[in-house]
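**Q** Got a structure for you, written out below as structure tokens; questions coming shortly.
The values are calculated or read from the model by the stated rules, or taken from the named source; none is laboratory data. In this text, all values refer to a predicted model and were calculated from it rather than measured experimentally. In this analysis, Cβ positions are derived from the backbone assuming ideal geometry, glycine residues included, and neighbour counts consider all displayed protein chains.
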Amino acid sequence: MAQNITIEDVINTSHHILEKSLVTAGTYMEKVPGGSIVVRYIKSSHRNDPIRTLLELGLLVFAIRYFTTSRSSVKKKGFVKLTQAEVDDLCEDWEPEPLAVPVDEREQWQLDSIPVNEAAIVAHVKLQGYDNKKMINAATLNFLDLGSNEYIKHEVQKVIRNTGVGACGPPNFYGNQDIHIKLENDLAQFFGSEGCVLYGQDFTTAGSVLPSFLKRGDFVVADANCNLAIQKALQLSRANVYWYKHNDMEDLERIMFALRDDFFKYEKPISRKFIVTEGLFANVGDYPDLNKVIQLKEKFKFRIFLDESLSFGVLGKSGRGLPEHFGIPRSKIDISIASMANAFNSSGAFCIGDKVMSYHQRIGSLAYCFSASLPPYTARATSLALELINKDREYGESPLMSKLHKYSGQLYDSFTNDKKLEKLVIIRSARESSVLHLQIHPDIRLRLGLPLSYTGSGSEMEKRVKKGYSDKFIEALNNEQFLLQSVVNQCLKQGVVVMRPAYSWAQEIAPLVPHLRVSVNVGLSEKEVKEIHKVVSNAIQNVIKDITLEEFETQLEAK
Amino acid sequence: MSRVLPQIDLSGLSVEDKKENEYGALTSQKYRYTCVSRQGKPLPDPIEDEPPYYVLLITYLNYLILIIVGHVKDFFGIRFKPKKYADLLEHDGMAPWYNKFESFYIRRMKQKLDDCFARPTCGVPGRLITCIDRDPHDYNKYFTYPGTTSTCLNLSSYNYLGFAQSEGACTDSAIETVEKYGIGTGGPRNVIGTMQLHRETERTIANFIGVEDSILFSMGYATNASLFSSILDKKSLIISDELNHTSIRTGVRLSGCSVKTFPHNNMDALEKLLREQISQGQPRSHRPWKKIVVAVEGLYSMEGTMANLPKLIELKKKYKFYLFVDEAHSIGAIGPRGRGVCDYFGIDPKEVDILMGTLTKSFGAAGGYVSGSQQLIDRLRLDINAQNYAEPIAAPVLAQILSSMRIIMGEINPGEGRERLDRIAFNSRYLRLGLQRLGFIVYGVDDSPVIPLLLFAPAKMPAFSRMLYKRKIAVVVVGYPATPLTSSRVRLCVSSALKKEDIDYLLRHLSEVGDKLFLKFSSGVAGGSLDGKPPRWNIEDVIRETPEDCKNPKFFVGTSATTEPK
Ligand SMILES: Cc1ncc(COP(=O)(O)O)c(C=O)c1O
């Protein structure tokens, strides 16, 4: 029987069914306005060619199916079909990892060694656990010691009496007061730029500014040793990022040449391109050759993004940062950002540049639009700090700045001239930096079997992050940090507070090893700067000199 | 006239007037209401009122005209007036700062409303806010300042409990702290910037919320932006409410984990997604996810809606995910004891794994916190990047947080905290019910201090804002892209600082403006109506009846604490 059914029959029966259903559908359709036209069209096409109707119907069904299912079916590709009971089972069986890896006893010392201040954090501090002793603060980033300034304190109190503490709203929604806008004008004027935008916190600023001007398809060439804030910003921007070797202008030029040949020659429209670098590198303490950077930027039509968080109020005769140090006008730098919590001893950060860029941030920069304005008193404090830096400028140099420069040089010289430290540590920072960066000497690190860097390409940490391991504890890293903490502890006993910078190691992609930082500030006396060198040098000698692998390891067992 | 913003001297005011302007004295004990805990009961599904079709049609037309005219202007402008459009053109071999399409909305719409945004203010953003007048020129290209100010009733600041003050215990404490601790910190928390005051505040916050420990950050946005990198990685999944705040989305993106979203507050969709994700595991490898975090907000600041916490906890017990709740707007402002959504729903805060919040809003300070178990907080102290690299929160801000929190807890000025909590609860309910009775469409939960009033057509945003500014009322209007295209709205933020009489004044003016701009479209299904007919009460009746009625749950539809979900 089955063999007797021909294609002809199939078409004929389906023809019949179709005709019947079309007639019933037609009567309904005609009731809908405009429906009669559709029915007429279908009827006439059907009369001419029944197969075509079938085909069109098939197409229609396919189109509807395609449009209703396409999105979910693409997403669900690779899904395993499971029954309800199987899903129930799987849900019941699933055991998540703990939300956070507990801090175990090997790391506990890191928590315990965070210094806690009992009084204001200025040139001299009092730490918990040190019997109310007044200690020299060689760990501060507040280089101009504005925290001790009575006038600023007094003015700040006056502002709080007038405006309260919080601004209670984002800048676009009644959160910006006259004081904020004055500060923006003051900063723009101080640096001779067209516009300035304030941000609520330093660390988020780069991550908000850069992504508002960089999108997928844009290009960034960035220094490989940029700080974490910049690394995060570039991750958010989704631009194509190329890292050049730290402060290596030849490498920078090489990359730019290659990019020009591969991409820029043919592109239309032109993509946005940035060189991203820092004024004084937070991780190293040196600065780039700005003349060369500007030359390259102009040659290859890039813009510059400069993070001056540690160089504002430090470099330049009047503290105006890296361009002033090189005698370059600020207008050559397209975007500069800087923290107001370091040298300015206030809160927040700012971004300066031209008018168009500034205006665009007020709408497009997320941490500006979706976060509350700074407390008004902090804006006043920064305005006053600018006034103080500018005060009594003779021959273009502010007295506050010349004192800082003298101290920075003095500290740097005392360490570089210290023969006893020659084989123990290396100094990576520049003489102009107010923060001295000390790192255990590579020979000793080699002897102790420590890796060249704990993070960055090729490192153990990178591997663990890439593979998604939860355990990010690296024994050697913990040990090296502990060794440096011993130096810090010895200094503390002698009344000098120095820094062992804290890192979020698992998030860093710059090549890093633990190090020590020693800073100067103008609230100290010359004698105290000498004292800092003496104490730190002794502590390093005591802890690091002649350290052997066994000692290194047993010391750690004991902790 | 000057283009430079003048600095305003407000010192002429007497202390009494200043206090009254910042925080109005309570005129009668009748104007208080203590919010009722839901005792574990979930919220029923919200009822959202729809405007008539012609309203939506007009709204789309609005946009259509805007888009067509904008593109035509761009097309000819770029060709015939390249100077005026220089910002959009390539210049000297460099791309413009932003491209034509990225900025279309900004140039063609936002700039036209610029006079309604970023109004400069001065002084305390309390019950009243002093705005500095400005005259726009050339379609808001620039402003000039005549030097005068307008003191407006403030419905724009996130000053829920009225702690934005320059007189009183908090201010005194902040000023005193400047003396003792200064204003700077000199480096990140884990390097040199930790003060005893930080630890004390962290303990107080943990106490206040009722969890083991907490950790402070100097900015609420940064709290979210840095948090997720420390707890999630590429083998973890986050399931996020589609309306979550930008800071959460930024943080999640930075963590590199997988992200899925579910429709706003839709618990069924969430459950479906959970089942699918747990059973399917990671894409391609089908290995189980390491962990799953569900991220929601306590109170959504654009919607006035709340996370359905009891339902979430129920799902959490079943599916073992971790729960993150952003209490930016709810902490302090919500719940019988001001402890946020857990308090409101009567749920033990320890049931929530991560309670994040900001101190910018209810406490009149700045910054954010994360609180939870000791194990979590200890790990965050070491790992979170904001502790290692960012500036710590400053001492005067800490003093403000500490003292305002102690006032709420009744440790300082007993009775004052209670009054603040009662006043915000009363004010929120009074204003909401009043607006509903007048015929406006408002969104959100009955007890929410954020009341979005729907305008729909974008052209009504500037009209509304300007008309109210003339009537000395400061409001925030929001539209696309912060809201869906068709639901431009006014966001009214209620505060304890407002007096009942202020709300009367507000209702009168809103009613008038609402008539002029055709804003009363409600059908009554979402509240304000007892007989099912569209409510269009007379303003005098509203003001007479509502202050009493708003305390009675029977006048609210569905979401009130004592009404049973059906
Ligand atoms: C849900 C949510 N999280 C975080 C923030 C950011 O808080 P802050 O203004 O303190 O940066 C906000 C502020 O608008 C918010 O609404």
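**Q** Could you give every pair whose Cβ atoms fall below 7 Å, whose first residue belongs to the range B:259-275 and is touching a residue at least 24 places away in the same chain (Cβ under 8 Å), and whose second residue is part of a loop (DSSP other than H, G, I, E, B) and charged (D, E, K, R), counting only separations of at least 6 or pairs across chains?
**A** Listed pairs, sorted by first residue: B:His264/B:Glu242.
**Q** Still on this structure: Restricting the search to the range B:343-353, which residues are more than 16 Å from B:Leu315 (Cα to Cα) and either at the interface with chain A (Cβ under 8 Å from one of its Cβ atoms) or charged (D, E, K, R) (or both)?
**A** Passing the criteria: only B:Asp343.
**Q** So, of the residues in the range B:189-212 that are more than 7 Å from chain A (Cβ to nearest Cβ) and not in a helix (DSSP H, G or I), which turns out to be farthest from A:Gln481 (Cα to Cα)?
**A** Top of the filtered list is B:Gly210.
**Q** Kindly evaluate A:Ala372 against the criterion of being within 13 Å of chain B (Cβ to nearest Cβ) and in a strand (DSSP E or B).
**A** For A:Ala372, the condition - within 13 Å of chain B (Cβ to nearest Cβ) and in a strand (DSSP E or B) - is not met.
Yes or no, residue by residue, for (1) at pLDDT 90 or above; (2) more than 14 Å from chain B (Cβ to nearest Cβ); (3) within 24 Å of B:Glu391 (Cα to Cα):
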position	(1), (2), (3)
A:Glu432	yes, yes, yes
A:His437	yes, no, yes
A:Asp443	yes, yes, no
A:Ser453	yes, yes, no
A:Lys467	no, no, no
A:Lys493	yes, yes, no
A:Val496	yes, no, yes
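**Q** Does B:Leu507 fit the bill of being modelled with pLDDT of 90 or more, in the same structural domain as B:Pro120 (by the TED database) and more than 30 Å from B:Gly338 (Cα to Cα)?
**A** Against the criterion (modelled with pLDDT of 90 or more, in the same structural domain as B:Pro120 (by the TED database) and more than 30 Å from B:Gly338 (Cα to Cα)), B:Leu507 does not qualify.
**Q** Restricting to the range B:403-417, and then to whatever is of a type in the set (S, T, N, Q) and under 25 Å from B:Leu299 (Cα atoms), can you tell me which residue is farthest from the ligand (Cβ to nearest atom)?
**A** B:Ser403
**Q** Could you figure out which of (1) crowded, with 22+ Cβ neighbours inside 10 Å; (2) in a loop (DSSP other than H, G, I, E, B) isn't true of A:Ala381?
**A** Among (1) crowded, with 22+ Cβ neighbours inside 10 Å; (2) in a loop (DSSP other than H, G, I, E, B), the lone unmet condition for A:Ala381 is (2).
**Q** Right, something else. Examine the range B:190-205 for a residue that is more than 17 Å from B:Leu323 (Cα to Cα), within 16 Å of the ligand (Cβ to nearest atom), of a type outside the set (Lys, Arg) and assigned by the TED database to the domain that holds B:Arg337, and state whether such a residue exists.
**A** Checking the range B:190-205: at least one residue is more than 17 Å from B:Leu323 (Cα to Cα), within 16 Å of the ligand (Cβ to nearest atom), of a type outside the set (Lys, Arg) and assigned by the TED database to the domain that holds B:Arg337.
**Q** Let me ask another. Which condition number in (1) within 20 Å of B:Ile473 (Cα to Cα); (2) of a type in the set (Ser, Thr, Tyr); (3) free of Cβ contacts under 8 Å to residues at least 60 places away in the same chain is the one that B:Tyr145 fails?
**A** Among (1) within 20 Å of B:Ile473 (Cα to Cα); (2) of a type in the set (Ser, Thr, Tyr); (3) free of Cβ contacts under 8 Å to residues at least 60 places away in the same chain, B:Tyr145 violates only (3).
**Q** Something else about it: Mind listing just one residue for me: the one in the range A:347-369 that is facing another protein chain (nearest Cβ under 10 Å) and among the hydrophobic types (A, V, I, L, M, F, W, C) and, of those, farthest from the ligand (Cβ to nearest atom)?
**A** A:Val356
**Q** Out of all the residues in the range B:149-167, is one or more acidic (Asp, Glu) and over 27 Å from the mean Cα position of the chain (by Cα)?
**A** The answer is no; no qualifying residue exists.
**Q** Continuing with the same structure: When only residues in the range A:253-292 that are under 23 Å from the mean Cα position of the chain (by Cα) and among the small types (Gly, Ala, Ser) count, which is farthest from the other protein chains (Cβ to nearest Cβ)?
**A** Ranking the candidates gives A:Gly279 first.
**Q** Run B:Glu242 past the list (1) more than 9 Å from every other protein chain (Cβ to nearest Cβ); (2) more than 16 Å from the ligand (Cβ to nearest atom) and report the number of the one that doesn't hold.
**A** (2)
**Q** Right, here's the next one. Does the range B:344-352 include one or more residues that are under 30 Å from A:Ile114 (Cα atoms), away from the ligand (no atom under 12 Å from the Cβ) and surrounded by 24 or more Cβ atoms within 10 Å (Cβ to Cβ)?
**A** Yes - at least one qualifying residue is present in the range B:344-352.
**Q** If you don't mind, another one. Inspect all residues belonging to the range A:143-163 and state whether any of them is within 30 Å of B:Met461 (Cβ to Cβ), of a type outside the set (D, E, K, R) and touching a residue at least 24 places away in the same chain (Cβ under 8 Å).
**A** Yes, because at least one residue in the range A:143-163 is within 30 Å of B:Met461 (Cβ to Cβ), of a type outside the set (D, E, K, R) and touching a residue at least 24 places away in the same chain (Cβ under 8 Å).
**Q** Give just the number: which of (1) over 43 Å from the mean Cα position of the chain (by Cα); (2) at pLDDT 70 or above does A:Asp89 not satisfy?
**A** That leaves (1) as the condition not met.
**Q** Now for a separate question. Among the listed residues B:Gly182, B:Gly186, B:Gly220, B:Gly251, identify the single one that is crowded, with 22+ Cβ neighbours inside 10 Å, at the interface with chain A (Cβ under 7 Å from one of its Cβ atoms) and within 16 Å of the ligand (Cβ to nearest atom).
**A** B:Gly220
**Q** Residues in the range A:144-163: is at least one of a type outside the set (A, V, I, L, M, F, W, C), in a loop (DSSP other than H, G, I, E, B) and at the interface with chain B (Cβ under 7 Å from one of its Cβ atoms)?
**A** Within the range A:144-163, none of the residues are of a type outside the set (A, V, I, L, M, F, W, C), in a loop (DSSP other than H, G, I, E, B) and at the interface with chain B (Cβ under 7 Å from one of its Cβ atoms).
**Q** Among the candidates B:Ser226, B:Ser230, single out the residue that is within 15 Å of the ligand (Cβ to nearest atom), under 20 Å from B:Asp378 (Cα atoms) and part of a helix (DSSP H, G or I).
**A** B:Ser226
**Q** Return the only residue of B:Phe163, B:Phe117 being at the interface with chain A (Cβ under 10 Å from one of its Cβ atoms), crowded, with 24+ Cβ neighbours inside 10 Å and either within 16 Å of the ligand (Cβ to nearest atom) or at positive phi (or both).
**A** B:Phe163
**Q** While we're here: So, B:Ala394, is that one farther than 19 Å from A:Tyr503 by Cβ, within 12 Å of the ligand (Cβ to nearest atom) and either in contact (Cβ under 8 Å) with a residue 24 or more places away in the chain or among the polar types (S, T, N, Q) (or both) or not?
**A** no
**Q** Condition test on B:Gln400, is it within 16 Å of the ligand (Cβ to nearest atom) and buried (at least 23 other Cβ atoms within 10 Å of the Cβ)?
**A** yes
**Q** Residue by residue through the range B:303-342, note down the ones that are over 24 Å from B:Lys272 (Cβ atoms), within 12 Å of chain A (Cβ to nearest Cβ) and more than 16 Å from the ligand (Cβ to nearest atom).
**A** Passing the criteria: none in range.
**Q** How many residues does the range B:371-389 hold that are within 16 Å of the ligand (Cβ to nearest atom) and more than 23 Å from A:Pro501 (Cα to Cα)?
**A** So the answer is 1.
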